[in-house]
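K.L.:
Sending over a structure as structure tokens; questions will come in a sec.
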Amino acid sequence: MSRRKTLVFVAAGLALAGLLAFFLLRPRTPNFGRLRGDKDWNVILITVDTLRADKVGCYGNANVATPTMDAFAARGIRYERCISQTPLTLPSHTTIMTGTLPIFHGVRDNGGFVVPSELVTMAEVFKAKGYDTAAFVAAYVLDSKWGLNQGFDTYFDKFDLSRFEKISLGEVQRPANEVIDEALGWLEKKKAGKFFAWIHLYDPHTPYAPPEPFKSQYAQNPYLGEISYTDTQLARLWDFLGRNGLRDNLFLVFASDHGESLGEHEETTHGFFVYQSALHVPLIIATPFPELQGRTSSQTVGLVDVMPTVCEMAGIPVPAEVQGRSLVPSFFSPGAATDRLAYSETFYPRYHYGWSDLRSVQDGRFKLILAPVPELYDLDRDPGEEKNLVYLEKKAFEDLSARAGVLMEEAGRNALEVDLKKVDEETREKLAALGYVGSFTDSSKLKGQKLANPRDKIGVFNELSKARESGLGGDSEEAIRTIRAIIAEDPAITDAHFGLGNVLYKARRFEEAVESFKKALNLKPDDSFAVINIANCYQAMGRFDEAEKFVLDYQARGFEDSQLFFLLGTLMVNHKEPEKAVSYFEKCLAGNPRSASAHNGLAAIYLNRSGDGDLARAEEHLSAASAINPTLQSLRYNIAQLREKQNRLAEAADLYLQEIADSPKSFKALFNLSRVYRLMEREEDEYDALQKTIAANPEFPIAYFYLARIELRRGRDFEQAIALVKKGIELKPAPADLPLGYFLLADIYNRTGDIVRSEEYARKGQAAVAAAKRK
């Protein structure tokens, strides 16, 4: 080989070596898949309800202690401009869990809307990949009956509406420590496998009532106290993950569903407006990767982006209907600009008051609110949204208006229809009776009408909200005057008439309440809630026939609804006409074959038929109800009664105990448990259950009789036994129960040697038996 050829080969070799070194040593293009590798990662999603971004330490607030939230930010990417798609809990969490906008998923309000089963949730995609899935929620607005339980193996909700005399859905909640307790118990069992967990905390929501020492530390700002308390509970979770070596195999997403106005723009809480105070929320995505820690992104993003981001992080395909975008690319270029719009809306003013809905879009600088009087703000110069630029920034206004139109049209294609019948009849009836006006009615009738601008109505809204709450809290006279003044000014506010009806009902002014509910019904002719409450008023006056006639007449006008047949069935049960109730419950099932409530109602009737009841048919209906809705209120109680009648006492006792664990004030379950213990000859347990029965309901007569019976058997404290029986008689027991009281007194006085009184009460007992037979 010539020297020349040798040099050529050497040169070529050096060139190849140089190229190889370049490819091996050059900086790699950032790639999350490379960081993730082939293994499965655990995922925890934390949502803290009603948490404004600017009220968290790592978002610049020096007046609140949030070291755990700050630690999440130090371990991940903190998004400075994350926007909620709606300032309402259920719709916002539906967006988080499905990656779709409210325009598409159709869940526009709390209460009444059910997440469509056609949507694929984050839990479902993880479950399909073999993950254990669990959710732990702190508020009834996220109860499983509203549909967000899709895909979760465990869904900790268990809210008991029977404990409430009045209701705002937002007030039915549990504190963070209880939620974290449940979550830690589940994580302890699942820590060796792969899991997806969602933890929802609700404490920053009204009422602001943090426990000590936060109550004292934040006496001037209890909202911040709730946030700081919540942070300490998150610290328990974070410490658990650290002690168990779980942080290094974990992706953690921290967010809020919406913010809180705190008086800005005259809005006290949230839901009514779409200003930044209620939309700007924290979003932090924490990973174990050092190169992705302590970063901040100034991009405008939305909660709609959470699901596709989590899916890409976990290496799971993103469902086709998802409308959000994965934020994974922004992990590596957090300062990159984006031309995306963040969309938000609230339909609360429309559904509840007949005023206009509000929608907004915003980019990195300008924000447009689509309202009867549009509003445009420069968020960089005017973060408080005080100066409307709609006439000064014409180009920005026209550009955002056009882009908003395109966005809403595209997002609404093939939008899902929400089936309101998926809410069980028992729940709807309970919500109506407790004073909650949900969104079960059709607001499409408002189309084409000129609707009032919510900004012009905020004073009316605040006055009405205050009056309704004070009225239901006991100050009825002032509330009635205030609401009537509002109605005089604007008689078309449905919620005003409905709220007045509830206050009058609470004041036991039933005739006036009927008139108010009827006016609400005239404004919303398809509002079954008003019908329920009118029937309840007649029922409270003992006019069952009028209640039945009113509902039947309403149906005859063309408003066929399974809910109304369930209402009629319940009325007949309360009127002691069970056979008539059977017919109505069966009609309810004809209209809605998946009515777990109707199955449960029929089962209760068959259980309580004379003799041993009709246990086979009761079992059939209880099984059907369980298959449809295993968490239905009172279902487990009825199954316990069935097991008791079948003499399966240990099973019955266990079911009653489960019912009591979920509803500690369920005096009927406590009393029935005492009866089971009596049959099992467990006297101490019976005595304890009876005492708890009276503690739960001091007005329950027969519990006093059975406590006295135990005292009589023990033969120790006859005076106490006499006092117990007399208390029970004083409470006017049912005619069938009264003889027991008299015969107990006869027995006690006989044992104490007072034969005259013994004979007197024996005669009273015999007379009571005869009277009960005549009835």
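K.L.:
Counting only protein heavy atoms and a 1.4 Å probe, tell me what percentage of region 443-543's accessible area is made up of carbon and sulfur.
P.N.:
The value for region 443-543 is 49 percent carbon and sulfur by accessible area.
K.L.:
Continuing with this model, one more query. Name the lysines eligible as straight-distance cross-link partners of K387: C-alpha to C-alpha under 21 Å, and not fewer than 8 places from it in the same chain.
P.N.:
K367, K395, K457
K.L.:
Ordered by packing density, taken as the mean number of other Cβ atoms within 10 Å over each peptide's residues, highest first, how do 285-296, 528-539, 501-512 rank?
P.N.:
528-539, 501-512, 285-296
K.L.:
Follow-up. Under DSSP H, which helices of the chain have Cα atoms covering 30 Å or more of the helix axis and a Kyte-Doolittle average no less than 1.0?
P.N.:
3-25
K.L.:
In nm, what is the difference between 0.36 nm times the number of residues separating V373 and Q555 and their Cα-Cα distance?
P.N.:
On the way: separation 182, 0.36 × 182 = 65.52 nm, distance 4.03 nm.
Additional length available on full extension: 61.5 nm.
K.L.:
How much of the DSSP bridge set in the chain is antiparallel, in percent, rounded to the nearest 5?
P.N.:
That works out to approximately 50 percent antiparallel.
K.L.:
The list (1) 33.9; (2) 40.1; (3) 44.9 gives values of mean projected area of the Cα convex hull in nm², and only one came from this structure; which label was calculated from it?
P.N.:
Given (1) 33.9; (2) 40.1; (3) 44.9, the structure-derived one carries the label (3).
K.L.:
What is the spin-label model distance, in nm, from A650 to A734 if the labels are put 7 Å beyond Cα along the C-beta direction?
P.N.:
That separation, rounded to one decimal, is 3.0 nm.
K.L.:
So, taking all protein chains as they sit and a 1.4 Å probe, how much accessible area belongs to I702, in Å² rounded to tens?
P.N.:
20 Å²
K.L.:
Where the only charges are on Cβ atoms (+1 Lys, Arg; -1 Asp, Glu), what is the dipole of the chain about its Cα centre, to the nearest 20 debye? Show your work: numbers first, answer last.
P.N.:
Working: 94 positive and 105 negative charges, 335 e Å.
Around 1620 debye, computed over the chain.
K.L.:
In whole percent, what relative contact order does region 293-423 give with Cα contacts below 8 Å and a gap of six or more residues?
P.N.:
15 percent
K.L.:
Relative contact order, percent, of region 540-616 when contacts are C-alpha pairs under 8 Å separated by at least 6 residues?
P.N.:
It comes to 22 percent, rounded to a whole number.
K.L.:
Moving on. For A192 and N31, what does the FRET efficiency come to when R0 = 30 Å and r is the distance between their Cβ atoms, rounded to the nearest 0.05?
P.N.:
0.55
K.L.:
Once the other residues with Cβ under 11 Å from the Cβ of N414 are scored (Lys, Arg +1; Asp, Glu -1), what is the net sum?
P.N.:
Counting the neighbours of N414, the net charge comes to -3.
K.L.:
Could you work out the helix-only [θ] at 222 nm for the chain, with each DSSP H run of four or more residues adding -39,500 (n - 2.57) and the total divided by the number of residues, to the nearest 500 deg cm²/dmol?
P.N.:
Rounded to the nearest 500, it is -16000 deg cm²/dmol.
K.L.:
Okay, moving on. Given a cut-off of under 8 Å on Cα pairs at least six residues apart, what relative contact order in percent is computed for the chain? The partial results should precede the final answer.
P.N.:
Values: 1338 pairs, mean separation 84.9, N = 775.
Contact order relative to length: 11 percent.
K.L.:
Take the alpha-carbon centre of region 253-329, take the same for region 524-569, and report the distance between them in whole Å.
P.N.:
Rounded to whole Å, the Cα centres lie 44 Å apart.
K.L.:
At 0.36 nm per residue, minus the direct Cα-Cα distance, what do A661 and R381 gain on full extension? Give it in nm, one decimal, please.
P.N.:
Once the chain is fully extended between A661 and R381, it gains 95.4 nm.
K.L.:
While we're looking at this one, here's another question. Sort out for me the Cα centre separation of region 713-734 from region 367-396, rounded to whole Å.
P.N.:
Here the two parts' Cα centres lie 72 Å apart.
K.L.:
How high is the FRET efficiency from N177 to A320, r the C-beta distance, R0 51 Å, rounded to 0.05?
P.N.:
With a Förster radius of 51 Å, E is 0.80.
K.L.:
Between D248 and N388, what length comes free when the chain is fully extended (0.36 nm per residue of separation minus the Cα-Cα distance, one decimal in nm)?
P.N.:
Result for the pair: 45.6 nm of gain on full extension.
K.L.:
State in Å² the accessible area per residue of the chain; use a 1.4 Å probe, count heavy atoms of protein chains only, and round to the nearest integer.
P.N.:
Accessible area per residue: 43 Å².
K.L.:
Ranked from highest to lowest mean number of other Cβ atoms within 10 Å per residue, what is the order of the peptides 260-269, 141-150, 241-250?
P.N.:
Result, highest mean Cβ count within 10 Å first: 141-150, 260-269, 241-250.
K.L.:
Filter K580/K668; K127/K158; K587/K732; K519/K587; K215/K506 down to the pairs with a C-alpha to C-alpha distance above 30 Å, please. Walk me through the numbers before you get to the answer.
P.N.:
Values: K580/K668 24 Å; K127/K158 22 Å; K587/K732 36 Å; K519/K587 28 Å; K215/K506 32 Å.
Among K580/K668; K127/K158; K587/K732; K519/K587; K215/K506, the Cα-Cα distance tops 30 Å for K587/K732; K215/K506.
K.L.:
According to the square roots a ≥ b ≥ c of the eigenvalues of the Cα gyration tensor, what is the shape class of region 698-775, taking rounded for a/c under 1.5, prolate for a/b larger than b/c otherwise, and oblate for the remainder? Provide the component values of the computation, followed by the final result.
P.N.:
On the way: a/c = 2.35, a/b = 1.23, b/c = 1.91.
Oblate, because a/c is 1.5 or more while a/b does not exceed b/c.
K.L.:
Same structure, new question: Taking a ≥ b ≥ c as the square roots of the eigenvalues of the Cα gyration tensor of region 542-628, is the shape rounded (a/c under 1.5), prolate (a/b larger than b/c) or oblate?
P.N.:
oblate
K.L.:
When you have a sec, figure out the Kirkwood radius of region 83-241 from all distinct Cα pair distances and drop it here in Å to one decimal?
P.N.:
16.7 Å
The values are calculated or read from the model by the stated rules, or taken from the named source; none is laboratory data. Just so we're clear, the structure is a prediction, and the values are computed from it rather than from any experiment. Reconstructed Cβ throughout: ideal geometry from the backbone, glycine too, with neighbour counts over all protein chains shown. Heads up: the accessible areas ignore ligands, DNA and RNA and are worked out on the full protein's heavy atoms, side chains in. Shrake-Rupley method; radii C 1.70, N 1.55, O 1.52, S 1.80 Å.
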